[in-house]
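Reviewing the structure listed below.
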Amino acid sequence: MKCTGRLKDISIDFFTRKTVLSLEVNEDVTGEYDRLKDKDKLAIEVKQWRRKRSLDANAYFHVLVGKIADELRISKARCKNILIGRYGQPEVLDNEEEAVIKTNVPPERMMEQEYLHCRAIGSVDENGKEVIFYKIYRGSHTYDTREMSILIDGTVQEAKDLGIETMTPDQIEEMKQKWKVEL
């Protein structure tokens with residue numbers, strides 16, 4: 001169940017000594033409550049709500065990826081992986097650790113992946129063969145406006161450094177205002 005709302009109250013149960021949070025939600029969750037109320041364990045996450053990023057922001061990111069890739073004469077997939085590896089958001093596991101994979105796939109091949117965004121962070125020799133560790137990043141389609149703003153700002157700077165024409169600072173600021181970026 002996902003919903004929006006606010007924290008209402010916090011208390012300590014007298015008998016169990018466990019913390020009790022009260023939430024006030026904006027959506028009707030009675031059906032989900034009935035389905036889950038007798039479960040012994042639930043995964044619970046409460047975090048600050050952020051507006052989802054605009055599809056226009058993601059489209060602009062991909063336009064810049066194409067221009068940078070053309071200028072550097074590399075594939076769009078490689079360019080996107082480089083930019084997400086520099087300015088993107090890491091994939092975080094349930095235990096709140098950043099996701100890392102270990103494989104014998106070389107970086108030249110790994111950076112060409114369309115649907116797995118990663119950056120090589122080290123390697124070791126195992127039984128005479130090199131294995132490489134890659135930090136995994138979330139795809140830009142999952143970013144909220146703050147995260148997308150960071151990605152766009154870094155990507156715009158990379159484009160400018162290569163002499164690629166970008167939106168003006170005023171246009172970028174106007175687009176951010178439309179996103180209602182929460183910094």
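Numbers at a glance
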quantity	calculated
Modelled FRET efficiency - R0 41 Å, Leu21 with Lys129, Cβ distances, 0.05 increments	0.25
log₁₀ of I(q)/I(0) at q = 0.10, 0.14, 0.15 Å⁻¹ - the stretch 56-160, Debye sum with one point per alpha carbon	-0.30, -0.56, -0.64
Listed pairs Lys2/Lys39; Lys8/Lys47; Lys39/Lys102 exceeding 25 Å between Cα atoms	Lys39/Lys102
GNM flexibility winner over the chain from Leu64, Leu21, Leu83 (Cα, springs under 10 Å)	Leu21
Calculated FRET value between Glu32 and Arg146, using beta carbons and R₀ = 25 Å, to 0.05	0.35
Distance between modelled label sites at Asp170 and Leu42, nm, 7 Å Cα→Cβ extension	5.1
Per-pair calculated FRET efficiency, R0 = 25 Å: Val92 and Ser11 via Cβ, rounded to 0.05	0.25
CD proxy at 222 nm, helix term only [per DSSP H run n ≥ 4: -39500 (n - 2.57); per residue of the chain; nearest 500]	-11500 deg cm²/dmol
Cα-centre dipole for the chain with unit charges at Cβ (Lys and Arg positive, Asp and Glu negative), debye to 20	120
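Laboratory data are not the source of any read-out in this text; all were calculated from the coordinates shown. Since the structure is predicted, the reported quantities are computational estimates derived from the model, not experimental observations. Note: ideal-geometry Cβ built from the backbone for every residue, glycine included; neighbour counts use all protein chains shown.
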